[in-house]
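First comes the structure, then the notes that go with it.
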Amino acid sequence: MEGKPVVAGGNAPQGEPRLLDQVRSAIRRRHYSYRTEQAYIHWIKRFIYLKWIMASLLYGAGLRLRECLKLRVKDVDFDYRQIIVRDGKGAKDRVTMLPAAVIESLKVHLIRVKGLHERDLAAGYGDVELPDGLARKYPRAAYDWAWKFVFPAYRYSTCPRTGVIRRHHVFEDVLIRAVKQAARAAGINKHVSCHTLRHSFATHLLENGYDIRTVQELLGHKDVSTTMIYTHVLNKGGRGVKSPLDSGGAGQPPVARDVTATYGISVSRLS
């Protein structure tokens with residue numbers, strides 16, 4: 001999860017046009033203006049880039065999908081390189097790391113989001129849904145930049161409970177579909193979801209030698225037994241035992257040695 005995404009579809013199969021080249025070709029067939037073409041390309045790049053940042057936080061900070069979507073500007077601390085997760089599973093708050101690899105990209109993203117917020121204010125909107133009780137206690141806080149979602153939706157929506165028109169966070173299907181498409185493109189023939197990235201976060205920390213209590217705190221697990229699920233990567237079991245066939249034949253019983261010698265089988269070739 002390091003570096004920046006290849007927004008132009010650099011991993012396209014040989015002989016097949018890249019994503020943005022296909023878009024340009026389709027736009028030119030319709031005889032749209034050059035400025036329209038540039039606008040479409042710009043928004044596509046931003047859309048792909050947004051999904052990369054979100055996926056990076058799921059894997060690099062161990063966030064759940066909903067925690068990532070509900071992330072507020074005030075809860076991202078660049079100075080201390082940490083993220084404060086509010087009202088996570090079990091209505092608990094916790095602190096996790098902010099990956100260094102995503103900091104610059106996230107800063108650029110927030111500059112764009114702030115510009116969007118200022119345009120919303122100028123248009124007579126700009127408020128955001130607040131946690132229970134805060135809207136009554138601090139009525140102007142809904143217009144404060146600090147309370148804005150880090151990943152706002154592209155369009156306004158109407159709150160089904162209050163009827164208020166505002167900009168909510170991006171819809172969860174945006175990243176769900178992106179992760180599934182990425183798994184198919186990578187040829188991964190296993191079930192992959194957004195939560196797989198969080199699982200990988202925990203698994204790789206344990207593989208790198210971090211203690212289970214630290215991982216438990218970062219994941220926000222109430223009970224360490226939940227975190228213990230990820231220790232399967234450290235348990236050798238049957239997968240950690242070396243087969244005698246892989247030992248070069250040194251430990252073969254007489255029958256095995258006779259069979260391999262009779263048929264000219266090289267154990268080293270089989271291993």
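Each row is one residue, and each column tells you yes or no for (1) of a type outside the set (Asp, Glu); (2) surrounded by 14 or more Cβ atoms within 10 Å (Cβ to Cβ).
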position	(1), (2)
92	yes, no
132	no, no
160	yes, no
166	yes, yes
Only one of 148, 190 that is at pLDDT 85 or above, surrounded by 15 or more Cβ atoms within 10 Å (Cβ to Cβ) and farther than 19 Å from residue 60 by Cβ: 148
query: Which condition number does residue 183 fail, the rest of (1) assigned to a helix (DSSP H, G or I); (2) modelled with pLDDT of 85 or more; (3) within 30 Å of residue 92 (Cα to Cα) being met?
result: (3)
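Residue-wise test of (1) in contact (Cβ under 8 Å) with a residue 12 or more places away in the chain; (2) surrounded by fewer than 16 Cβ atoms within 10 Å (Cβ to Cβ); (3) of a type in the set (A, V, I, L, M); (4) touching a Leu at 6+ places or on another chain (Cβ under 6 Å).
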site: 183; (1), (2), (3), (4): no, no, yes, no
site: 205; (1), (2), (3), (4): yes, no, yes, no
site: 212; (1), (2), (3), (4): yes, no, yes, no
site: 223; (1), (2), (3), (4): no, yes, no, no
site: 230; (1), (2), (3), (4): yes, no, no, yes
Single residue of the range 82-92 satisfying the filter (farther than 21 Å from residue 145 by Cβ and either assigned to a helix (DSSP H, G or I) or out of contact with any helix residue (DSSP H, G or I) (no Cβ under 6 Å at 6 or more places or on another chain) (or both)) that is modelled with the highest pLDDT: 92
task: Within the range 95-141, track down each residue that is assigned to a loop (DSSP other than H, G, I, E, B), of a type in the set (D, E, K, R) and in contact with a helix residue (DSSP H, G or I) (Cβ under 9 Å, 6 or more places away or on another chain).
output: 127, 129
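Against the condition surrounded by 11 or more Cβ atoms within 10 Å (Cβ to Cβ) and among the aromatic types (Phe, Trp, Tyr), how does residue 80 come out, does it pass? Walk me through how you get there before you give the answer.
Working: surrounded by 11 or more Cβ atoms within 10 Å (Cβ to Cβ): no; among the aromatic types (Phe, Trp, Tyr): yes.
Here the answer is no, as residue 80 does not meet what is asked.
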message: Among (1) closer than 16 Å to residue 61 by Cα; (2) in contact with a helix residue (DSSP H, G or I) (Cβ under 8 Å, 6 or more places away or on another chain), there is one condition residue 204 misses while meeting the rest; what is its number?
response: (2)
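For the range 142-151, how many residues meet the condition of being part of a loop (DSSP other than H, G, I, E, B) and more than 22 Å from the chain's Cα centre (by Cα)?
As a first pass, look at the range 142-151 and keep what is part of a loop (DSSP other than H, G, I, E, B): 144, 148, 150-151.
Still in the list and also more than 22 Å from the chain's Cα centre (by Cα): 144.
Residues meeting the conditions: 1.
The values are calculated or read from the model by the stated rules, or taken from the named source; none is laboratory data. Owing to the predicted nature of the structure, the values given are computational and were not obtained by experimental measurement. Cβ sites come from the backbone with ideal geometry, for glycine too, and all protein chains shown count toward neighbours.
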